[in-house]
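**Student:** Shown below is the structure under consideration.
The values are calculated or read from the model by the stated rules, or taken from the named source; none is laboratory data. Worth saying up front: this structure is predicted, and the values here are computed from it rather than measured. Counting neighbours? That spans all protein chains shown, and the Cβs are built from the backbone with ideal geometry, glycine included.
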């Protein structure tokens, strides 16, 4: 090549390479100082787009983790509040158990009920005041709440917390049959006990023999309560209609086939001759005699066999019913109807024609006065449910049903004999009379016998003249102030405990779900950040090598440019 001075190609090449080396050196310094491989879109356009997407996902997952932790905080707050409520319910059940024995006086039972009322108020206070960030948790409004726990929309976990007020928990089903007055073999089945299947109990004999009766049936039901969820109790009592008046039993007077014979007794059974004579054979008959607070004779079957009187106990004893197999009460701790079927159910007062008292009672309802219908369904009354209703102004079922434009006339589907429960129930459970004065004729009790209307001792004194008011049923005092009420509160408290345990179990499952989700998205977030780092972050070992290379090249480029400029001086030698 020739010598040229207008264009120093070598110097230009050296400069161009020096510019490139300078850019590389600047880029290396930027990466080393920022720690990022991509400092602008020009560094790696596609890599930057991928890294930005990964960074957004990682940030969203971080917020999702925070959301999940908030959800755990909410559920744990509710869980701890319910734990305190469970302690209250345990105390309520314990106090109800304490009251469920006749060693307690009315005063001590009233004090126990006062304690229970206060505990119930605190239970409701917890339910109404427990909140998180101003949001009520236990009032029943926290239902189907969603928590975003994913990086994309609608990736949520849903949580619900049931209401825990005393009016919403402990709902217990009570059903009590009519008083049974007939014996027989009963085959009882609980329909759909687990929502699908039926449960058939072994056949039980209802009679006056030992090992039979409602006691035997209750035992059969209770030993399978863990499967069916249904428990049973019984009340086999025959109660006189008035205070004992002086009289004589007949020579063939017998109870449950055991002859007691002739007994002469005074007004009020002052010398205890009648009660003593009956109790002298109680171990054989299974029937114990006593007097209630009104001086009436009470015959009680402790083991649940029937009570059958043969011969004549005497009009003064006030016993109108010679054969009695008692009332069966069923209880279920979930508030749902107890659906039964079977054979000869009339022998336990639960046949198609029987009037079955039934109700569902919450924890709060055990605090106030128990109305007559509820008390009857809970088994307070030995004669309720199947007692005859006195319906005044009519002499027949059909006359009553078709009167006053009721719509129950013949052909309506509800006429007598149609098989409808209404007409059958009325026919079996009511006495139709033209007036109250006709009641004595219906039951063959004459004026002066102590049963006449208006005497104050009439067996009809507590009956109302309309259908649906069970004989002898009355309002009862609240909660544990009676033995029967205390046992009912035990059932209701147990149901309430089961309700809260179920709610806690549900939110516990959600907590476990959220915890697992948090663990999963935490690992996902780490992996996403790692993937972003692979793209965005600089590898200092590699970049430091690049920097050293660029730095050396920059220095050598300067030397090369200097040499290229110096080579132009050789032209002067040609001109010398």
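Conditions tested, residue by residue: (1) part of a helix (DSSP H, G or I); (2) in contact with a strand residue (DSSP E or B) (Cβ under 8 Å, 6 or more places away or on another chain); (3) free of Cβ contacts under 8 Å to residues at least 60 places away in the same chain; (4) surrounded by fewer than 17 Cβ atoms within 10 Å (Cβ to Cβ).
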| position | (1), (2), (3), (4) |
| --- | --- |
| 68 | yes, yes, no, no |
| 97 | yes, no, no, yes |
| 101 | no, no, no, yes |
| 108 | yes, no, yes, yes |
| 113 | yes, no, no, no |
| 120 | yes, no, no, no |
| 125 | yes, no, yes, yes |
| 140 | no, no, yes, yes |
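**Student:** What are the residues in segment 535-548 that are in a helix (DSSP H, G or I) and surrounded by 14 or more Cβ atoms within 10 Å (Cβ to Cβ), if any?
**Tutor:** Pass one, segment 535-548, residues in a helix (DSSP H, G or I): 535-536, 540-548.
Residues satisfying the conditions are 535, 536, 543, 544, 546, 547.
**Student:** Now, a different point. Could you tell me whether residue 552 is farther than 30 Å from residue 66 by Cα, at pLDDT 75 or above, in a helix (DSSP H, G or I) and under 32 Å from the mean Cα position of the chain (by Cα)?
**Tutor:** Against the criterion (farther than 30 Å from residue 66 by Cα, at pLDDT 75 or above, in a helix (DSSP H, G or I) and under 32 Å from the mean Cα position of the chain (by Cα)), residue 552 does not qualify.
**Student:** Would you check which residues across segment 240-262 are on the phi < 0 side of the Ramachandran plot, in a loop (DSSP other than H, G, I, E, B), crowded, with 19+ Cβ neighbours inside 10 Å and touching a residue at least 40 places away in the same chain (Cβ under 8 Å) and list them?
**Tutor:** 244, 245, 249, 253
**Student:** Now for a separate question. Among 32, 54, which is the only one that is over 60 Å from the mean Cα position of the chain (by Cα), surrounded by 12 or more Cβ atoms within 10 Å (Cβ to Cβ) and either at pLDDT 90 or above or more than 30 Å from residue 476 (Cα to Cα) (or both)?
**Tutor:** 32
**Student:** Checking residue 38 against (1) touching a residue at least 12 places away in the same chain (Cβ under 8 Å); (2) surrounded by 14 or more Cβ atoms within 10 Å (Cβ to Cβ); (3) part of a helix (DSSP H, G or I), which single condition isn't satisfied?
**Tutor:** Single failed check for residue 38: (3).
**Student:** So, residue 189, is that one modelled with pLDDT of 90 or more and either within 30 Å of residue 73 (Cα to Cα) or outside any strand (DSSP E or B) (or both) or not?
**Tutor:** Against the criterion (modelled with pLDDT of 90 or more and either within 30 Å of residue 73 (Cα to Cα) or outside any strand (DSSP E or B) (or both)), residue 189 does not qualify.
**Student:** Here is a follow-up. So which pairs qualify, if the first residue must be in segment 194-223 and within 19 Å of residue 325 (Cα to Cα), the second must be surrounded by fewer than 14 Cβ atoms within 10 Å (Cβ to Cβ), the Cβ gap must be under 7 Å, and the two must be at least 6 apart or on different chains?
**Tutor:** Cβ pairs passing all conditions: 203/185; 205/185; 208/257; 220/202.
**Student:** Looking for something in contact (Cβ under 8 Å) with a residue 24 or more places away in the chain, outside any strand (DSSP E or B), surrounded by 17 or more Cβ atoms within 10 Å (Cβ to Cβ) and touching a strand residue (DSSP E or B) at 6+ places or on another chain (Cβ under 8 Å) - is there at least one such residue anywhere in segment 278-290?
**Tutor:** Yes - at least one qualifying residue is present in segment 278-290.
**Student:** If you don't mind, there's one more thing I want to ask. If you check residue 501 against the conditions, is it out of contact with any helix residue (DSSP H, G or I) (no Cβ under 8 Å at 6 or more places or on another chain), assigned to a helix (DSSP H, G or I) and either modelled with pLDDT of 80 or more or surrounded by fewer than 21 Cβ atoms within 10 Å (Cβ to Cβ) (or both)?
**Tutor:** Values: out of contact with any helix residue (DSSP H, G or I) (no Cβ under 8 Å at 6 or more places or on another chain): no; assigned to a helix (DSSP H, G or I): yes; either modelled with pLDDT of 80 or more or surrounded by fewer than 21 Cβ atoms within 10 Å (Cβ to Cβ) (or both): yes.
Against the criterion (out of contact with any helix residue (DSSP H, G or I) (no Cβ under 8 Å at 6 or more places or on another chain), assigned to a helix (DSSP H, G or I) and either modelled with pLDDT of 80 or more or surrounded by fewer than 21 Cβ atoms within 10 Å (Cβ to Cβ) (or both)), residue 501 does not qualify.
**Student:** Considering each of 23, 15 in turn, give the residue that is assigned to a helix (DSSP H, G or I) and either at pLDDT 90 or above or surrounded by fewer than 14 Cβ atoms within 10 Å (Cβ to Cβ) (or both).
**Tutor:** Matching residue, one of 23, 15: 23.
**Student:** Taking only pairs six or more apart or across chains, which ones have beta-carbon atoms under 7 Å, a first residue in segment 550-562 that is loosely packed, with under 15 Cβ neighbours inside 10 Å, and a second residue that is part of a helix (DSSP H, G or I)?
**Tutor:** Here the result reads 558/18, each pair linking segment 550-562 to a residue that is part of a helix (DSSP H, G or I).
**Student:** Moving to a separate point now. Across segment 142-164, what is the total count of residues that are crowded, with 19+ Cβ neighbours inside 10 Å, in contact with a strand residue (DSSP E or B) (Cβ under 7 Å, 6 or more places away or on another chain) and either assigned to a loop (DSSP other than H, G, I, E, B) or at pLDDT below 85 (or both)?
**Tutor:** 2
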